[in-house]
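For reference, the structure discussed in these notes is given below.
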Amino acid sequence: MSSLFDKPHNRRGTGSVKWDFNQQKFGDVSENAIPMWVSDYDFSIPPQVSNALQSRLEHGVFGYTEVTKTYFESIQTWYQEQHQLDLDTDWVVPVNGVMPGIALVIEQLTNEGDSIAVQSPGYGKFKEAIALSGREVEEITMVEESGCYEMDFNAIEAALASGVKAFILCNPHNPIGRIWSPEEVQAIAQLCHRYNVWLISDEIWCDLALPGYQCWSALNLEERYLQKLVVTTAATKTFGLASLRLANLIIPNPTMRGAIEKRKQALFLDLFDAMAIVASQTAYTTSLSWLNDLKVYVQGNMEFLNSFLSQHIPALSFQMPQCGYLVWVDCRALNLTDEALRRLFIDVGVLPSVGTEFGAGGNGYVRLNLGCSRDTLEQACQKLLKINS
């Protein structure tokens, strides 16, 4: 099966954010530069999904489309089989992507001027969604030692006690690749309950737990915590379907769920792309074997890069992630400013996400996407050797 992931794909000229918009993000860069910043795959989607999309395309009629009972049941079965959770399909609210969903939730759960807490370093779009909605960002820096991260529960409690209205938990965490333990998720839920704070658990990475690891969803929490919980998830990150936009808000509280549905209707966001529905539904029901093979391949990429850096560029290092296909590379031994670090990677021809994009605690780091063929990774490694010169 590795041959499926070894196969190179030329994504240039397809409107790919990763491959066609590097000039806009990085300025004047070499045409031979390898982009490793946007978190999507360079792999073909599962063949079963491709076949289903082709079949739907051949049908030829693309009128207005809503999600059907079959879609909800595909999610329910996936949670039963992969997470040992009995998911009530009534809780599922389809949306046009996780971030649009989170923006919608922020609007409904909080008021302008309210504070919403996030952990840093963390996914920058959370802060962007908070700020653009007129809310205040409460940034809580995680505790880091030698590249390993822990939650700072004292700082979290202080923030929640100060009047924060919602807490966004990224589980598994982007960019560090850490899966929070059941005890950690429960501790966050207890604090949110104590201070009457909504918990928004972004679990879009939950199905990408690498071999030997398992994600513990906040949906496992006790009933008393579920009434102020919103979970976000999607098949798109897992199966490489990012441009076929469809995601899920999972909202146990019926009053809040109704408010979200009403707001969706007010914004005319209650219809969905036919191909997106087919792709996600088919992925959930047919593509587990593909996903398991992908995880093994990506973990092999991580091991390859880890070995390469330790042998050839010891100034760069990373902790092996527990999930996903991103690595959080510690470059602090280079003793460079963040702008100089950014410039160095651009000059050698590897385009990263610079650590400062992820907020406090990101200084001296870059995030690299290893969701690529081994050949592409080897080419990137050869370019990185120029760091030593």
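The values are calculated or read from the model by the stated rules, or taken from the named source; none is laboratory data. Note that this is a predicted model, so its numbers are computed, not measured. Note that we place each Cβ from the backbone using ideal geometry, even for glycine, and neighbour counts take in every protein chain shown.
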Ile176, sole failed condition from (1) closer than 26 Å to Thr356 by Cα; (2) out of contact with any strand residue (DSSP E or B) (no Cβ under 7 Å at 6 or more places or on another chain); (3) crowded, with 22+ Cβ neighbours inside 10 Å: (2)
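Okay, residues lined up against (1) modelled with pLDDT of 95 or more; (2) exposed (fewer than 15 other Cβ atoms within 10 Å of the Cβ):
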residue	(1), (2)
Leu249	yes, no
Lys262	yes, yes
Leu269	no, no
Ile277	yes, no
Ser280	yes, no
Thr286	yes, no
Trp290	yes, no
Val298	yes, no
Arg194 vs. criteria of a type in the set (D, E, K, R) and farther than 22 Å from Glu357 by Cβ: yes
Residue list for region 336-375, restricted to those being under 23 Å from the mean Cα position of the chain (by Cα) and of a type in the set (A, V, I, L, M): Val350, Leu351, Val354, Ala360, Val366, Leu368, Leu370
Elements of type helices (runs of 4 or more DSSP H) contained in region 65-171, each with 3 or more residues being modelled with pLDDT of 95 or more, under 30 Å from Tyr284 (Cα atoms) and not assigned by the TED database to the domain that holds Gln322: 69-83, 98-109, 124-132
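Restricting attention to region 179-229, and to residues there that are hydroxyl-bearing (Ser, Thr, Tyr) and out of contact with any strand residue (DSSP E or B) (no Cβ under 6 Å at 6 or more places or on another chain), which single residue is farthest from Leu368 (Cα to Cα)?
Per the criteria, the residue is Tyr195.
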Residues of region 208-224 classified as crowded, with 20+ Cβ neighbours inside 10 Å and more than 18 Å from Val298 (Cα to Cα), total: 5
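One line per residue, one yes/no per condition, for (1) assigned by the TED database to the domain that holds Gly15; (2) more than 22 Å from the chain's Cα centre (by Cα); (3) assigned to a helix (DSSP H, G or I):
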{"site": "Leu244", "(1), (2), (3)": "no, no, no"}
{"site": "Asn248", "(1), (2), (3)": "no, no, no"}
{"site": "Gln265", "(1), (2), (3)": "no, yes, yes"}
{"site": "Ile277", "(1), (2), (3)": "no, no, yes"}
{"site": "Asp293", "(1), (2), (3)": "yes, no, yes"}
Selected residue [at pLDDT below 95, surrounded by 19 or more Cβ atoms within 10 Å (Cβ to Cβ) and outside the structural domain of Met142 (by the TED database)] from Gly361, Gly371: Gly361
In region 117-145, the residues that are in contact (Cβ under 8 Å) with a residue 40 or more places away in the chain, surrounded by fewer than 20 Cβ atoms within 10 Å (Cβ to Cβ) and either touching a His at 6+ places or on another chain (Cβ under 8 Å) or small (Gly, Ala, Ser) (or both): Ser120, Gly124
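Counting only residues that are in a loop (DSSP other than H, G, I, E, B) and of a type in the set (A, V, I, L, M), which one in region 178-213 is nearest to the chain's Cα centre (by Cα)? Full working, then the answer.
Keep residues of region 178-213 that are in a loop (DSSP other than H, G, I, E, B), which gives 179-181, 195-197, 203-205, 210-213.
Those left that are additionally of a type in the set (A, V, I, L, M): 179, 197, 204, 210.
Values: Ile179: 12, Val197: 23, Ile204: 5, Leu210: 14 Å.
That would be Ile204.
Between Trp216, Trp328, which is assigned to a loop (DSSP other than H, G, I, E, B) and within 19 Å of the chain's Cα centre (by Cα)? Let's see the steps before the verdict.
Values: Trp328 fails: assigned to a loop (DSSP other than H, G, I, E, B).
Trp216 is the lone residue from the list that is assigned to a loop (DSSP other than H, G, I, E, B) and within 19 Å of the chain's Cα centre (by Cα).
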